[in-house]
Amino acid sequence: MNTIPVIWTNDDITCGQAAEMRRQLEFLSELEVPGTFFVVPVRSIGNIDQDPELLDVLKEAREQGHELHQHGTRHTAFKCGVP
């Protein structure tokens, strides 16, 4: 059987998104696909250091071999200027 190499990347993981992150990890685990996640530490509703559930999920991701990188400090909808 031929295989196609696949990787997964997702930007903007941030405070309040533990459930979404966990769902992605479960999906990737089923397919045995490595993920690279770009994390935004500061969000209007809080910072990731105030979200212990997300921190636990990020730790699990790292332990499973996924990559985590910082994606700026804050993130706004207008990265390239106001349209």
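The values are calculated or read from the model by the stated rules, or taken from the named source; none is laboratory data. Computed from a prediction, not measured in an experiment: that's the story for all the values here. Cβ atoms come from the backbone with ideal geometry, glycine included; neighbour counts cover every protein chain shown. Please note that ligands, DNA and RNA were not included when accessible areas were found on the heavy atoms of the full protein model with its side chains. Shrake-Rupley method; radii C 1.70, N 1.55, O 1.52, S 1.80 Å.
The figures follow:
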item	result
Subset tally (residues that are in contact (Cβ under 8 Å) with a residue 12 or more places away in the chain, farther than 14 Å from HIS66 by Cβ and assigned to a loop (DSSP other than H, G, I, E, B)) for region 1-48	7
Hits in region 26-54 (condition: open to solvent by less than 70 Å² (accessible area, probe 1.4 Å) and either closer than 11 Å to ILE13 by Cα or under 11 Å from the mean Cα position of the chain (by Cα) (or both))	GLY35, THR36, PHE37, PHE38, VAL39, VAL40, PRO41, VAL42, ILE48, LEU54
Residues of region 25-76 classified as among the hydroxyl-bearing types (Ser, Thr, Tyr) and in contact with a Leu (Cβ under 9 Å, 6 or more places away or on another chain), total	1
Residue, farthest from ASP49 (Cα to Cα), within region 7-19, restricted to residues that are open to solvent by 60 Å² or more (accessible area, probe 1.4 Å) and modelled with pLDDT under 95	ILE7
Pair list, Cβ under 8 Å, 6 or more apart: region 49-63 residue assigned to a helix (DSSP H, G or I), other residue open to solvent by 100 Å² or more (accessible area, probe 1.4 Å)	LEU55/ASP49
